[in-house]
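Participant: Here it is, the structure, as structure tokens.
The values are calculated or read from the model by the stated rules, or taken from the named source; none is laboratory data. Treat the numbers as computed from the prediction; the structure is a model and nothing was measured. As a convention, Cβ positions derive from the backbone with ideal geometry for all residues, glycine included, and neighbour counts pool all protein chains shown. Surface areas here come from the heavy atoms of the whole protein model, side chains and all, with no ligands, DNA or RNA. Shrake-Rupley method; radii C 1.70, N 1.55, O 1.52, S 1.80 Å.
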Amino acid sequence: MSNKWIDIGTLLLEYGLINNDDLLEGLKLQKESGLRLGEALVKLGRVSMDDIDWVLSKQLDIPFVIVEDIVPNLELLSKFEKDFLIGNRILPLYETDDQISIVAEDPLNKTAIGFIEDSFSKKVNVSTGSGSKIEELLKNTFKDLVLPDLLSALKNITERIKGTSFYRIDFLLAEHACKISIFGSGILKNMMTIKGAFSKEDICSAFDEMKTPFLYDHASNGERTFLTAYPLKNKFDMPSLPAITGEYGLMLPGDIFFADAHVHGLHKVFHFDNPVHGYNYFLTKRNTLAFEKSVYVIDAAPEDLKKCYVKIFVPSKCPSCSGTGCAACKGLGYEFQKFEGMYSSGELRERLNKG
Ligand SMILES: [Zn+2]
């Protein structure tokens, strides 16, 4: 990297990108700040990083590539570790039987280029281009590469939990992976971990893509984000009574309205503080007759309900695989018995205990 800055002032002058005054100012700032000359000139707004990269490519007789014009080669990119490419700001372009072409911010990055040579056992042709543009393109492209994984995982899970007591999908988002679990009727089950850095927004878009409305809550500690999603069904003929549900996809009752989207514990699932992604029409009933028309999850059925409408699937160990997971239970390890009707909370508990 250090070669890059040798004589950069002279080169920029030669190519007419700066004048003598710019150079003097740059040298002054360089002295004061300890920046390298090129950096100082960029900071002063006299040149751009692209100018410097371009001059450098001239100096080293290395082709300068306009990164914006590149269509990413997904097949080739998928052979690399994302962090390696982004960290070194290297964009692989194409490969032949014995050669591989890359754009590198620093064409003198011997370690990284040597690593590619060794890994592929091919000669590496290096061109150079704007580092920030390379990084931006890589980040967007890798996002496109992993998003389909998230979407197919979600489709798979929502399909498998239909007609079951699992009503909640949990996502643990860490730097390199997303761990997905399902929850319902007191059972927490890990489903899968997919590689990739995902955000809350990615999960929202995946649900949108599936046209599945949902409610969610999330918490983050900076390194990891925990997101709890409640997929919703659109139709529910609910009497004007509280309801309890444990079926996949909490119901969206026609006559219950929500204003905000933060889940405050499970005892009242439908009490929220923020706009709900995918929703555009609710009001709150938070303080008035909250218990008259509420939807509860089976894990938090209130004890003092006189009569409530119940629609749940009660889990018991799958008889075919005794819980280890098989085709009959879609790998979930349980079979689910439908349970529906009007019950008081006491009756409900009695029936559930029998089940
Ligand atoms: Zn089974």
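Participant: Select from Phe115, Ile100, Phe84 the residue farthest towards the positive end of the dipole of the range 65-138; place +1 on Cβ of Lys and Arg, -1 on Cβ of Asp and Glu, and compute about the Cα centre.
Facilitator: Ranked along the dipole, the leading option is Phe115.
Participant: Are there GluC sites (Glu not before Pro) in the range 70-99 that DSSP puts in a loop and that have at most 14 other Cβ atoms within 10 Å, and which ones?
Facilitator: Within the range 70-99, the qualifying GluC sites (Glu not before Pro) (loop, at most 14 other Cβ atoms within 10 Å) are Glu81.
Participant: Mind giving me the nanometre distance, one decimal, between the label points for Ser205 and Met192, set 7 Å out from Cα along Cα→Cβ?
Facilitator: My value for the distance between the label points is 1.9 nm.
Participant: Then there's this: Only Lys, Arg, Asp and Glu count, each charged at its Cβ (+1, +1, -1, -1), so figure out the dipole size of the range 2-60 about its Cα centre, rounded to 20 debye.
Facilitator: Dipole of the range 2-60, to the nearest 20 debye: 160 debye.
Participant: Compare Leu24, Leu85, Leu17 by solvent-accessible area with a 1.4 Å probe and give them largest first, with all protein chains kept in place.
Facilitator: Correct descending sequence by accessible area is Leu24, Leu17, Leu85.
Participant: Return one whole number: the accessible area per residue of the range 2-60 in Å², for a 1.4 Å probe.
Facilitator: Accessible area per residue, the range 2-60: 57 Å².
Participant: Could I have the simple spin-label model distance between Met342 and Leu13, label points 7 Å from Cα toward Cβ, reported in nm to one decimal?
Facilitator: 9.4
Participant: A further question follows. Find how much the distance from Ala177 to Ile70 grows on full extension, using 0.36 nm per residue of separation minus their present alpha carbon separation; answer in nm with one decimal.
Facilitator: 35.7 nm
Participant: I would also like to ask the following. Counting Lys and Arg as +1 and Asp and Glu as -1, what is the net charge of the other residues whose Cβ lies under 12 Å from the Cβ of Ile18?
Facilitator: Local charge sum for Ile18: -4.
Participant: Which percent of the accessible area of the range 119-176 is formed by carbon and sulfur heavy atoms (probe 1.4 angstrom)?
Facilitator: 50
Participant: Once the Cβ-Cβ distance between Lys79 and Asn353 is put in as r, and R0 is 41 Å, what FRET efficiency do you end up with, to the nearest 0.05?
Facilitator: 0.15
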